[in-house]
Amino acid sequence: MIQAYEYNQQNELIIPIEVFERDDEGNYIIPEQCTTIAPPNNPSFYKAAFDVKKQQWYESATQEYIASLKPAPLPPSDIELLKKQNALLSKQLTQLLAMQKVGASD
């Protein structure tokens, strides 16, 4: 048995498969749309595709596709919201005290 890697019509990796069948000379019969060349593990690909002419794997995912896989940022926590509100109130209080100080010196 040997390991082969099946790819679709766009040459994108579908699934690893095990090949057991042999021809009369003992050679493994690799199905069409398959290769025995393993996709690289490092760096890992988001969407591995096989270049049949070059006999190598490449990244077929677009940057847009890769970005879409990243989770959306979490909403701010209650503590983060309170920190921002506190900072805003402190700034407003400082500005108000500064205006009162200027008015008192006139």
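The values are calculated or read from the model by the stated rules, or taken from the named source; none is laboratory data. For clarity, every value in this text was computed on a predicted model and none was experimentally measured. As a convention, Cβ positions derive from the backbone with ideal geometry for all residues, glycine included, and neighbour counts pool all protein chains shown.
Summary of values
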item	result
Residue check, residue 90 surrounded by fewer than 10 Cβ atoms within 10 Å (Cβ to Cβ), more than 19 Å from residue 11 (Cβ to Cβ), modelled with pLDDT of 90 or more and of a type in the set (Ser, Thr, Tyr)	no
Any pair with Cβ under 8 angstrom, 6 or more apart, that starts in the range 56-76 at a residue that is closer than 29 Å to residue 34 by Cβ and ends at one that is of a type in the set (S, T, N, Q)	60/10; 60/11
Filter result for residue 87 (free of Cβ contacts under 8 Å to residues at least 60 places away in the same chain, among the small types (Gly, Ala, Ser) and not in a helix (DSSP H, G or I))	no
